[in-house]
Each structure stands twice: as structure tokens, then as C-alpha cells.
1. Looking at the square roots a ≥ b ≥ c of the eigenvalues of the Cα gyration tensor of region 250-391, which shape do they give, rounded for a/c under 1.5, prolate if a/b is larger than b/c, or oblate?
2. Rounded, prolate or oblate: which one fits region 4-148, using the alpha carbon gyration tensor with axes a ≥ b ≥ c (rounded when a/c is under 1.5, else prolate when a/b beats b/c, else oblate)?
3. Suppose every Lys and Arg Cβ carries +1 and every Asp and Glu Cβ carries -1, with no other charges. What dipole size does the chain come out with about its Cα centre, to the nearest 20 debye?
4. Multiplying the sequence separation of Ala187 and Ala95 by 0.36 nm and subtracting their Cα-Cα distance, what value in nm do you get?
5. At Ser50 and Asp66, where each label point lies 7 Å from the Cα along Cα→Cβ, what is the point-to-point distance in nanometres?
6. Among residues other than Asn339 whose Cβ falls under 14 Å from its Cβ, what is the net charge (Lys/Arg +1, Asp/Glu -1)?
7. At 222 nm, what value in deg cm²/dmol follows for the chain if DSSP H runs of at least 4 each add -39500 (n - 2.57) and the sum is divided by all its residues, to the nearest 500?
8. Provide, in order from the shortest bin, the percent of all Cα-Cα pairs of region 368-500 in each 5 Å bin, continuing until the bin that contains the maximum pair distance.
Amino acid sequence: MSDALPALRDHLAPVEDLKAAAAVLAWDQETFMPDGGAEARAQQLSTLQSQAHEQFVTDETGELLDRAAEATADADPLDDGAALVRVTRRDYERARKVPSSLVAELSQATSEAKQAWKRARTEDDFSIFAPHLEELVDLSVEKAEAIGYDDEPYDALLEEFEPGLTTADVASTFESLREPLVPLVDAIADAPQLDDDLLRRSYPQSTQKAFGEQVLADLGYDFDRGRQDVSAHPFTTSFAHSDVRITTRYDEEFLPTAFFSMIHEGGHALYEQGIDPALARTPLAGGASLGMHESQSRFWENHVGRSRPFWHHHFPQLQEAFPNALGDASLDAFYRAINRVEPSLIRVEADEATYNLHVMLRFELERGLIDGTVSVNDLPERWNAAMDDYLGVVPNTDADGVLQDVHWSMASFGYFPTYTLGTLTAAQLTEALRDDMDLDARLADGDFAPILDWLRTHVHRHGRKLTAPQLLERVTGQELSADAWLRYAENKFGALYNLN
Ligand code: ZN
């Protein structure tokens, strides 16, 4: 047998090690690092990341890929070796197309833009951020031109997060989501509102932590291969199949903040813990796409964590944990409270139904920025008009509007749509899972093992071997579509809000 594949793997493993080491430093930066460490940490991260990049884009990687491609030419596409060659080649060609001078320019521009964005947000002054955003748009268009695309430059940027999906695919799927969703949200807004006061009582942090971590363990999150800490913005990070960490944040006066972020991040972590260990230290050891990753967090957060059967089993335990806050509450009242829908200004605080409208608005605006049909100066006005149009609420300040998210200051154009792609994918996967088992009965029994096992088999273990559209087609027989989520949402919120 040819040694081409082992040689390729040996060459790629140290690159993955460097990336994992950078991830450890980034995790520490968000959790335990003292403020004084910021400058040194930025240098350390930059060194590790550029080392990883330089080792990856060498001619040697290309030669090893060519040799390994010959050795795997007749293999099944799901064969580990064939997938390794295919996915690594895709990453390699993309990485080689962007000149290192442009990478450096983008890195410098984003670090300045992030500072400017923070100040603009604090001072509620978009003009502080605007020139930086203009520069990031120009550099991102330059990057897209370097990478190449079929229809529009946004395609090249989207591809970084969603390989195999085009801007036109996303736009038409979102269109078919938005048309029924806007009237659904309107109808909910006109219906008598659900009461969520019982979530705003006193919930001691230590009890929230104990209860949440017990649920995470019940769902199948392996604390021997992970841990949970506190950070300002919850996230999941993986250093290896055997070390996948999550973070959360607590609000002692609002129970959902920590609990739902725990199972959301837990969903991301279950994906990473479930990737086939044979793919370790290769570019295949990750999620198929950001959208597919988000489908796993949304599945556990919403289809499990905000379902009635889940709380049928867990509500008595929750009441026992918080007797003062919930002793007099009913399961039904709790279920209604955690599913309250209310059009609001801030994306990260939005409920399950309106969240998608926040995402679509951002997608349309950033697509326009990249294709030149939206100018940076018009952005605040366009933002407010779209908020009014989609959600019926308009921010009083840019800080609560166009300046609320960090993504554009990081030049992460193409990232926003992945949130809603994940939501739609989660609903499609849930329908497929329901064809194979009685999900509600499993949830009502607190019997999560068969559910996780199903996800492991159909989604997790493949890592990046298949693109998200390929994986979805394989599991559900369908292309990406809004239909499953619309069925789910109309059914659930129709019942909760007595809509007809
Ligand atoms: Zn997520």
C-alpha cells in the first residue's frame, strides 16, 4: 500500500496541533486570563495562527495532496482517505488564493475596526465605525475576487462557512421563510401575550449550575472529555475529540439565560464529542458547516429543551431545585413562559420565532454591502426600515440597532445566515428523526441515549467528510428548505397563542 496518505496525515497533524493550541489560548482569554494579559495574548495567538497557516499553504502540502489523490482515486467518497484529500484540497486552494499581504491587511483592519466598533457602540455614534466598515467591505470584496465565484462576490465569502451553498440558494430559502413568518409573528403580536413572570424570580447561580450540568450529563455531554466555565458570551471550543469545552453566563433574575445557553452550547459540544476519533488531527475533525453545527445546538435547545415532553420529565426536578421560585408554578405555565414570542430589538435576546427575522435582515444588508447596492452610510436607515418592516419595532439608537453585533467589525460577512440555516436544518433533521422513533415518548421518559445515538450515526461521526447539503440529502432525502421549520412553528405557536 502507498505511503501517500500516512505522509499527508503526518504533514497535517502538526498544523492541527497549532490550531488547537491557539484555541486553548483563545479559550483562556475569554474565561480566566487577567485583563493585563491581553496584549501578550494577541501576539501569541497571532504567532500560532500564522505558523499554522504558513505550514499549511506550502508547496509540500500540494505535492502530498497530489500523491494521496492518486492513492485514493478509486475509493468511496465517504472513505476517510478520499474525504481527507477532497476537503483538505478545498481548504488548501482557498487558503492559497488569498495573498498573504491581503490576510495581513484584513487582520490589521479588523483589529482596528473592533476597537472602533466598541467605541461607536458605547457612544452610540455610527460615524465612528463607518470608515472602518467601508474598509472591511472593500477588503472583503478584494478577498472574494481573489478566491473567485460564479454569480456574486458574496458566494466566495459564504463558502467559508457553508461549503456547497450559494447566495442564491440562501436568498430563495429565506424568501420562502419570510413570507409566511412575518404574518405569523404579526398574529402572535396581536394575540394575548403569554406571561413569563415566573422566570424572573430569584434563581441562585450555584443551583442553576448544578441543575444545568446534571441535564447536560443526562443529554450525553461527557464531562470527562469536557468542562463548563463562565464567559461574557457563551461559546463552544474543541481542542480534540477528548477535550470539548463550553461556557455559559448566569442571570440570577432570569432563568432562561444560562439554562438555554447551556443546552445550546451543549448541542455544539455533543457534535464535536461525537466525531469519529479516526479523524483526529486532520482537517476532517470538525462540523460539516457552521449551519450544520448550529442545527445541533438548535435541536437540543428548541426541539428538546423548549418542548413540553422534555419538561414533563424535568419540571418536577426543576421545582425541587428552586422551591421558592417555582413551588407554586404549573408545568403548563412554565412551558408557556419559556416559549413566549415578542418582537424585540436585540438579536441575541430574541425568541425562537423572531430570531430568524433578525438574521434575514442582516443577510440582506450584508449581501448588499458586498455587491455594492447598499452603502455603509445608508446602513442605519436601511436597518431601521427593515426592523419596522419585519418586526414592527424600531430602535431609538444605533447602539440597539445597526451597532449591536460584533460580526461586521470582524469582517465575518457570510456568517449571519448560518444561524437560520441551522434552525431550518434542525427542523428537517427532527422530522427525519421522528420517522425513526417516538421522540416525544423518549423525551417524556428522559431517555436521551437513543436520540443522541441517532445523531451520532447520521450526523456527528462524519465530521467534515460531507458538505452540509450532502449530509442533509443523505439523512433526510431533501434539499435545504424552510417547510419543516414552518410546520413546526405554525403548529407550536398556533397552539400556544390560540391562532387560527
Ligand atoms: Zn450556536
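The numbers here are math on the coordinates, done by the rules we state, and not lab data. No experiment lies behind these values; they were computed from the predicted model shown. Please note: Cβ atoms are built from the backbone with ideal geometry, for glycine as well, and neighbour counts cover all protein chains shown.
1. Oblate, since a/c reaches 1.5 and b/c is not below a/b.
2. Prolate.
3. Computed charge dipole of the chain: roughly 940 debye.
4. Length gained, Ala187 through Ala95: 28.4 nm.
5. 2.9 nm
6. -3
7. Calculated from helices alone, the mean residue ellipticity at 222 nm is -20500 deg cm²/dmol.
8. 2, 8, 12, 15, 15, 13, 12, 12, 8, 3, 1
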